[in-house]
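As structure tokens, the structure follows; a few thoughts come after it.
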């Protein structure tokens with residue numbers, strides 16, 4: 001009997017192409033559709049052997065495997081036993097056999113429906129992207145967070161996957177034009193179900209099921225599940241540079257894992273799991289030796305090791321203050337940081353710490369002077385570094401340091417100061433304003449800087465302002481390069497005289513000649 005059925009099936013197979021028409025005419029069967037799965041997983045790394053299983057609910061004679069957008073079946077397996085399933089070996093995974101698959105079976109009663117589509121993804125084909133959380137990986141229940149997936153190369157599709165769960169991982173997809181290198185996945189309002197480990201991938205449009213290596217894992221933790229712990233500093237919240245301090249996080253209820261986060265830090269929270277779970281439930285975060293990097297506002301959280309992504313309410317904030325040699329000074333100039341050749345230039349290093357000596361450092365240079373401290377004025381110490389007359393060699397990024405004569409240690413560096421030298425490139429951009437040079441306070445104003453010559457970056461400076469100029473990457477439109485500086489809404493404080501400049505990426509501190517001056521008049525409140 002079995003031989004007769006197999007003979008009838010093989011006869012049907014030989015006849016399908018001639019007697020029944022193309023394959024798409026036999027896919028609409030009436031028998032129950034089979035299930036389909038991939039072993040070891042529908043998401044596998046490149047080079048992993050994969051087998052696809054097709055499971056029927058009825059006794060079948062033959063099974064077929066289809067790949068999406070391929071008109072005829074890729075493979076056929078004749079049933080050899082009564083297990084009602086068949087296996088299709090795809091060999092070692094590569095981008096070419098990634099895609100979506102279906103299977104179908106035939107029995108003496110006719111054709112089945114096709115199975116659901118099975119996406120088969122190969123990972124590890126391209127370099128990994130990076131994944132971060134904005135504003136941070138610790139978020140309160142009901143709050144909002146965005147997961148940012150970034151790549152050094154432009155991709156058309158970014159995917160975010162959450163690990164774990166009974167179901168196969170389902171990617172969230174965001175598609176962008178080719179030049180995009182980042183995708184933001186908004187998450188919120190956040191609930192306890194959002195806590196977990198996430199990774200992201202990228203893939204090109206030509207191979208949508210060929211993915212990159214995964215990003216490093218990002219652990220998203222949701223706060224607000226338990227009562228807040230307390231946070232104390234021993235011996236106290238004010239400590240001198242080089243000393244030791246311990247931040248103690250204590251919970252009134254039994255919780256065995258504690259986290260310490262610093263406000264504004266991109267680093268993941270430190271964590272300690274208690275080995276002894278008898279009261280008191282407390283973790284000690286030791287910092288030794290203390291530097292200026294430790295200064296800031298801290299909070300701690302508590303959780304159970306069985307639910308590591310669900311945290312307590314945050315502790316009250318604790319501000320740690322670090323005094324001593326490591327406090328960074330400030331670097332400034334009395335003039336604008338946009339300077340002209342021949343101009344006298346002096347950089348000033350100032351600190352509220354009584355430093356005896358100061359040093360000025362320029363990026364990629366090693367011959368800048370050291371100065372003794374000036375007489376402290378109004379609680380400030382400092383030194384002046386005269387650099388003029390200005391030439392093109394003065395363009396660059398500067399930082400300064402403070403120190404004590406009795407120590408070889410230098411402070412943390414000041415925030416950087418960019419000195420930009422004008423007139424070093426041959427062209428002169430133009431500057432215009434929309435809707436006009438005279439506007440009312442609260443209106444929207446755009447300053448448009450343009451050049452017919454190639455420009456990478458445009459700078460907009462205001463006469464008499466010590467702040468660094470605004471900068472924008474140029475865009476090429478209608479035969480010229482341009483940047484739009486928006487002031488929306490404009491205030492009376494933004495009135496004044498403006499000029500714009502252009503630069504090349506190879507010489508970022510050397511600017512073009514200035515545009516003609518443009519005077520912006522703002523009328524209304526405060527004028």
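Key figures
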read-out: Residue selected from region 69-96 under the condition within 20 Å of residue 46 (Cα to Cα) and touching a residue at least 24 places away in the same chain (Cβ under 8 Å), by the criterion surrounded by the fewest Cβ atoms within 10 Å (Cβ to Cβ); value: 91
read-out: Residue in region 257-264 that is surrounded by fewer than 21 Cβ atoms within 10 Å (Cβ to Cβ), at positive phi, part of a loop (DSSP other than H, G, I, E, B) and not assigned by TED's automatic domain parsing to the domain that holds residue 411 present; value: yes
read-out: Residue tally, condition surrounded by 15 or more Cβ atoms within 10 Å (Cβ to Cβ), more than 24 Å from residue 40 (Cβ to Cβ) and either modelled with pLDDT of 85 or more or over 16 Å from the mean Cα position of the chain (by Cα) (or both), over region 158-181; value: 1
read-out: Selected residue [buried (at least 20 other Cβ atoms within 10 Å of the Cβ) and farther than 21 Å from residue 130 by Cβ] from 246, 223; value: 223
read-out: Output for region 61-84, where each listed residue is more than 43 Å from the chain's Cα centre (by Cα) and modelled with pLDDT of 90 or more; value: 62, 63, 64
read-out: Region 433-481, residues that are within 19 Å of residue 495 (Cβ to Cβ) and within 32 Å of the chain's Cα centre (by Cα); value: 444, 445, 446, 447, 448, 449, 460, 461, 466, 467, 469, 470
read-out: Criterion violated by residue 243 - all others in (1) touching a residue at least 60 places away in the same chain (Cβ under 8 Å); (2) out of contact with any helix residue (DSSP H, G or I) (no Cβ under 6 Å at 6 or more places or on another chain) satisfied; value: (1)
read-out: Condition check for residue 350: without any contact (Cβ under 8 Å) to a residue 40 or more places away in the chain, surrounded by 18 or more Cβ atoms within 10 Å (Cβ to Cβ) and more than 28 Å from the chain's Cα centre (by Cα); value: yes
read-out: Only listed residue being within 31 Å of the chain's Cα centre (by Cα) and assigned by TED's automatic domain parsing to the domain that holds residue 393, chosen from 337, 314; value: 337
read-out: In region 500-515, the residues that are in contact with a strand residue (DSSP E or B) (Cβ under 6 Å, 6 or more places away or on another chain) and either part of a strand (DSSP E or B) or exposed (fewer than 14 other Cβ atoms within 10 Å of the Cβ) (or both); value: 500, 501, 502, 503, 510, 511, 512
read-out: All positions within region 376-401 that are assigned to a strand (DSSP E or B) and modelled with pLDDT of 85 or more; value: 382, 383, 384, 385, 386, 396, 397, 398, 399, 400, 401
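A quick yes/no check of all residues on (1) touching a residue at least 12 places away in the same chain (Cβ under 8 Å); (2) within 30 Å of residue 409 (Cα to Cα):
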site: 229; (1), (2): yes, no
site: 237; (1), (2): yes, yes
site: 267; (1), (2): no, yes
site: 275; (1), (2): no, no
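The values are calculated or read from the model by the stated rules, or taken from the named source; none is laboratory data. It should be emphasised that the depicted structure is a prediction, and the values quoted were computed from it without experimental measurement. When we count neighbours, we look across all protein chains shown, and the Cβ atoms used for this are built from the backbone with ideal geometry, even at glycine.
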